[in-house]
Amino acid sequence: MELFEYAWFSDFPERIKDLKSIIMDENWDYKKIPTGNNPILVNYVKHTFKKLKEENKVVEQNQYAVFNTGLVTEKQEEIYAFFQRNRHAGSIPWFFIGWRKSSDRDLMKFSKLPDVANYFQDPIDLIYDTRLDLRINLDHIIDDNIARFPLQLQSIDRAQLSVLLDGTIEDAKKRVRRNYKTAIPQYYDQKIQLLLPLCLSSRSKADLALVVERGNNVYRASTCLTLDMAINNARLIAKPDDEWLKI
């Protein structure tokens with residue numbers, strides 16, 4: 001179920017601003033194309049709710065409902081979304097009241113507060129195993145995603161671009177051997193994937209994120225994402241720890 005099918009919000013953009021004002025300080029805007037509308041936080045809230053609903057972690061009790069946002073205040077107090085039964089006729093069953101800290105009196109209405117979303121079963125899925133082979137579909141990455149590449153590279157010869165991309169991926173593999181945090185986990189299509197930096201224009205700055213998926217003792221890469229797309233997916237699990245995709 002989608003968030004807006006579940007609950008009615010009086011002014012969702014303003015409620016997102018309310019949430020941002022009470023959680024730990026973090027940049028929730030895109031780096032490449034800033035919008036000023038906290039799009040990463042909007043995406044985070046919507047997808048977190050959807051995952052929690054799948055896991056039956058949205059608690060409904062005594063005409064009220066609550067879910068754990070997975071976000072905390074500067075003092076590490078958990079933040080919950082708090083709802084009341086929608087008394088107006090219609091198909092949307094709940095009405096959003098506001099964001100509540102775990103210590104808030106309103107949450108005393110619940111005998112037990114729900115847990116955070118769980119995106120993985122085995123922590124090994126979050127670490128890139130450098131012992132495994134990485135198989136790369138260069139043609140697919142380029143042909144299907146050329147519009148995501150830097151403008152100055154979109155018009156060069158495809159064979160030349162393939163050589164550049166192949167060398168960039170080798171650099172990324174060396175980088176993750178030096179620092180395992182280079183491989184950033186993302187949640188997409190109900191599975192965990194890993195993101196590696198593609199530094200095409202300069203070795204000091206990532207232009208794209210290579211999507212790496214684990215199979216039967218082998219990794220496969222056949223697509224890439226813009227950094228804004230990558231951060232949307234990665235932030236669902238945790239705030240990226242490596243510099244190349246930090247918010």
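So, in segment 202-220, how many residues would count as being over 17 Å from residue 126 (Cβ atoms) and modelled with pLDDT of 95 or more?
Looking only at that region, the number is 5.
Residue by residue, here is whether (1) of a type in the set (Asp, Glu); (2) assigned to a loop (DSSP other than H, G, I, E, B); (3) on the phi < 0 side of the Ramachandran plot holds:
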residue	(1), (2), (3)
25	yes, yes, yes
30	no, yes, yes
37	no, yes, yes
42	no, no, yes
66	no, no, yes
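Within segment 68-80, can you find the residues that are free of Cβ contacts under 8 Å to residues at least 40 places away in the same chain and either polar (S, T, N, Q) or part of a strand (DSSP E or B) (or both)?
76, 78, 80
Give the residue that is farthest from the chain's Cα centre (by Cα), with candidates limited to residues of segment 159-213 that are among the β-branched types (Val, Ile, Thr) and part of a strand (DSSP E or B).
212
Residues 87, 135, 131: which one is surrounded by fewer than 19 Cβ atoms within 10 Å (Cβ to Cβ) and in a strand (DSSP E or B)?
Result of the check over 87, 135, 131: 135.
Using the structure shown, decide if residue 152 is exposed (fewer than 15 other Cβ atoms within 10 Å of the Cβ), in a loop (DSSP other than H, G, I, E, B) and not hydrophobic (A, V, I, L, M, F, W, C).
no
Quick grid of which residues meet (1) within 21 Å of residue 175 (Cα to Cα); (2) touching a residue at least 60 places away in the same chain (Cβ under 8 Å); (3) assigned by TED's automatic domain parsing to the domain that holds residue 211:
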| site | (1), (2), (3) |
| --- | --- |
| 100 | no, no, no |
| 143 | no, no, yes |
| 148 | no, yes, yes |
| 162 | yes, no, yes |
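Which residues, taken from segment 117-128, are touching a residue at least 60 places away in the same chain (Cβ under 8 Å) and either surrounded by 15 or more Cβ atoms within 10 Å (Cβ to Cβ) or outside any loop (DSSP other than H, G, I, E, B) (or both)?
Within segment 117-128, 117, 119, 125, 126, 128 meet the criteria.
Evaluate segment 149-167: report whether one residue or more is more than 30 Å from residue 55 (Cα to Cα) and touching a strand residue (DSSP E or B) at 6+ places or on another chain (Cβ under 6 Å).
no
For residues that are in contact (Cβ under 8 Å) with a residue 60 or more places away in the chain and either touching a His at 6+ places or on another chain (Cβ under 7 Å) or not in a helix (DSSP H, G or I) (or both), tally how many sit in segment 44-64.
2
Residue 114 passes all but one of (1) of a type outside the set (Ser, Thr, Tyr); (2) without any contact (Cβ under 8 Å) to a residue 24 or more places away in the chain; (3) assigned to a loop (DSSP other than H, G, I, E, B); (4) not assigned by TED's automatic domain parsing to the domain that holds residue 41; which number fails?
Going through (1) of a type outside the set (Ser, Thr, Tyr); (2) without any contact (Cβ under 8 Å) to a residue 24 or more places away in the chain; (3) assigned to a loop (DSSP other than H, G, I, E, B); (4) not assigned by TED's automatic domain parsing to the domain that holds residue 41 one by one, residue 114 breaks only (2).
Considering only segment 49-59, I want to know if a residue exists there that is farther than 30 Å from residue 194 by Cα and out of contact with any Cys (no Cβ under 9 Å at 6 or more places or on another chain).
Looking through segment 49-59, at least one residue is farther than 30 Å from residue 194 by Cα and out of contact with any Cys (no Cβ under 9 Å at 6 or more places or on another chain).
The values are calculated or read from the model by the stated rules, or taken from the named source; none is laboratory data. All values reported here derive from a predicted model rather than from experimental measurement. Cβ coordinates were reconstructed from backbone atoms using ideal geometry, including for glycine residues, and neighbour counts include every protein chain displayed.
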